[in-house]
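A short worksheet on the structure shown next.
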Amino acid sequence: MKFSELKVGMVITHPPVVVSEEEMLAFAKAYDPQWFHVDPERARTGRWDGLIASGWLTCGIAMRMAVEAALQNSESFGSPGLEKLRWLKPVRPGDALRLEAKVDSLRTSESRKDLGILRWTWRVFNQRDEQVLEVEATSLFDLGSGV
C-alpha cells in the first residue's frame, strides 16, 4: 500500500494467523526462555494455567501481518519506534490472531518533504474477539524513492 493510499481513520485488516505450540516454544527457547513460555508441564500448574506465547512473538506476528496488509511494496523503510505497547491477554497454542490497524495520522516531515510519517494503532484479537495486543507505532516512508 502506498503512502498516498492511506487515509486517516482507515482500518487495515489481516486475516487470522494460527499460532502453534511448536512456534511458541521455538521462539521462546531462542529469545524469551522464561518457564511459562518454554516448559508446558510446569506452565500447567502456573498462574497462567498453561503455556503462553512470549509477548515478543505476538509482536513479531503483528509485524508480519502489518507488512503483509500494508507495508509490503510500499515506500516504507523503517520506524523510529513505538509509543505504547500493551499485552492485554495471553496468547495460547492454537489461537488464531487477526490484525486491525487504524491510521491515526499522516503527515509529511516539515524538514524533509520526501519523508512521510504514519502513526497507527495495531490491535490484535484472538478467535474469541479478545484483544491480546495493542501497539501505537510510527512508520516512515521515502516519498522521493519512487518504490
Checklist line | Simple Cβ-charge dipole of the chain, Lys/Arg +1 and Asp/Glu -1, about Cα centre, in debye nearest 20 | finding: 280 debye
Notebook entry, point to check: Across the chain, how many lysine pairs, 8 or more apart or on two chains, come within less than 27 Å at their alpha-carbon atoms?
Noted result: 12
Notebook entry, point to check: How high is the relative contact order of the chain, given as a whole-number percent (alpha carbon pairs under 8 Å, six or more residues apart)?
Noted result: 30 percent
Note to self: Give me the percent relative contact order of region 9-66, please, defined on Cα pairs under 8 angstrom at least 6 residues apart.
What the structure shows: 29 percent
Item checked: Assigned charges on the beta-carbon of Lys, Arg, Asp, Glu; region 1-86 dipole about Cα centre (debye) -> 260 debye
Item checked: Unit charges on C-beta of K, R, D, E only; dipole of region 68-147, Debye -> 220 debye
Notebook entry, point to check: Using mean Cβ contacts within 10 Å as the protection proxy, how do 111-118, 2-9, 90-97 order, highest first?
Noted result: 90-97, 111-118, 2-9
Notebook entry, point to check: Quick one: Cα centre-to-centre distance for region 1-80 and region 90-137, in angstrom?
Noted result: 11 Å
Checklist line | Cα-based helix-to-principal-axis angle, 55-66 vs the chain, degrees rounded to 10 | finding: 40 degrees
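Just so you know, all these numbers are worked out from the coordinates, no wet-lab data involved. Since we're looking at a predicted model, the values are computed, not measured. We place every Cβ from the backbone using ideal geometry, glycine too, and count neighbours over all the protein chains shown.
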